[in-house]
Structures are given as C-alpha cells and as structure tokens.
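Have a look at the structure below, then the notes.
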Amino acid sequence: ESPGTKSIRSYMGDALNTIVSDSKISRIGIIQGLTEGSLQTFVFLWSPALRHFATKAPMGVLGLDENGEPAYGLIFGAFMACGVVGGFSEHLARKSVTWCVTPPDADETDDTIAEVEGEGKVCPVAIELLASISYFICAG
C-alpha cells in the first residue's frame with residue numbers, strides 16, 4: 001500500500017465503524033433494509049398470489065384479461081398511481097393527524113413536537129399513528 005492511499009478493506013472498515021458508532025445511521029440502515037426486504041418479498045410473490053386468486057374470480061372482473069389471467073400491467077399501473085397519490089397527499093395527512101393528536105396546550109418547548117423543514121411543526125406520534133393506520137388499511 002502506497003503512502004496516502006487506502007485499501008478497499010480499510011474504507012469498508014471505516015464505514016463499518018461509522019455505522020456501528022452512530023445510532024442514527026444504524027437505525028436508518030435497519031429501516032432501509034427491512035423496507036427493501038419487504039418490497040423484494042412482495043415483488044417476488046405478487047404474481048403467483050394474483051394468479052392463485054384469479055382462478056377463483058368470476059370472468060369479466062376488472063384486472064383479469066380475456067383468458068382469466070391477471071392483467072399485470074393494469075394492476076402494476078394501479079400500484080404506481082396509488083404511490084403517486086400517496087406521495088402528493090402524505091404531507092396533508094401528516095398535518096391532519098398531527099393536528100388531531102397534538103395537545104391544545106403544546107408550546108414551543110414541548111419535546112413531543114418536532115420542526116420539519118418545509119412543513120412546520122409535526123408530532124412524531126402522529127407519524128407513527130399515520131403509518132399504523134396506513135398499514136391496517138392496506139393489510140385489510
């Protein structure tokens with residue numbers, strides 16, 4: 001190893017030390033890993049699951065083609081449209097839930113209120129509540 005250069009192993013060791021030493025980075029990594037894992041599981045299993053449900057559906061149902069197979073393009077397009085609607089409405093939903101769960105006597109020094117850049121005051125409990133409600137709606 002020349003002076004002033006580092007090996008890939010050294011860079012990876014530094015990165016691992018940073019991740020382990022900073023709990024915020026560790027938590028973000030865990031959340032990202034779990035999110036990606038659930039997304040990849042969904043992507044892997046959604047076609048067989050839809051095919052299974054299509055065998056029990058009556059002909060002519062929206063989302064099935066003329067052969068009784070799932071219309072994957074239509075279904076995927078609906079997923080994407082829901083993602084866009086969710087992205088546009090998320091800040092409004094978060095503000096509404098924050099308003100509902102924030103005590104009326106909360107002031108600037110209250111540690112249950114966080115300032116989010118571009119959105120104003122947000123109650124972290126509101127974000128957790130909104131995530132739980134979204135999950136229960138989607139899981140049905």
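The values are calculated or read from the model by the stated rules, or taken from the named source; none is laboratory data. As the structure is a prediction and not an experimental result, all values here were calculated from the model. Virtual Cβ from ideal backbone geometry, glycine too; neighbours counted across all protein chains shown. Only protein heavy atoms, including side chains, enter the accessible area calculation; ligands, DNA and RNA are left aside. Shrake-Rupley method; radii C 1.70, N 1.55, O 1.52, S 1.80 Å.
Pick from Ile8, Ile31: which is of a type in the set (Val, Ile, Thr), farther than 21 Å from Gly77 by Cβ and surrounded by fewer than 10 Cβ atoms within 10 Å (Cβ to Cβ)?
Ile8
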Next on the checklist: Can you report the number of residues in region 54-98 which are touching a Ser or Thr at 6+ places or on another chain (Cβ under 8 Å) and surrounded by fewer than 10 Cβ atoms within 10 Å (Cβ to Cβ)?
Outcome noted: 0
Item to check | Yes/no for Gly37 being open to solvent by less than 80 Å² (accessible area, probe 1.4 Å) and more than 30 Å from Glu128 (Cα to Cα) | outcome: no
Checklist entry - How many residues, within region 1-26, are assigned to a helix (DSSP H, G or I), under 28 Å from the mean Cα position of the chain (by Cα) and either at pLDDT 85 or above or not basic (Lys, Arg) (or both)? => result 11
Checklist outcome for this item: Of the conditions (1) more than 24 Å from Cys138 (Cα to Cα); (2) of a type in the set (A, V, I, L, M, F, W, C); (3) surrounded by fewer than 10 Cβ atoms within 10 Å (Cβ to Cβ), the single one that Ala15 does not satisfy is (3)
Item to check | Any chance Arg27 is within 21 Å of Tyr135 (Cβ to Cβ), without any contact (Cβ under 8 Å) to a residue 24 or more places away in the chain and of a type in the set (Lys, Arg) | outcome: yes
Checklist entry - Is it the case that region 119-134 has a residue that's modelled with pLDDT under 70 and open to solvent by 80 Å² or more (accessible area, probe 1.4 Å)? => result yes
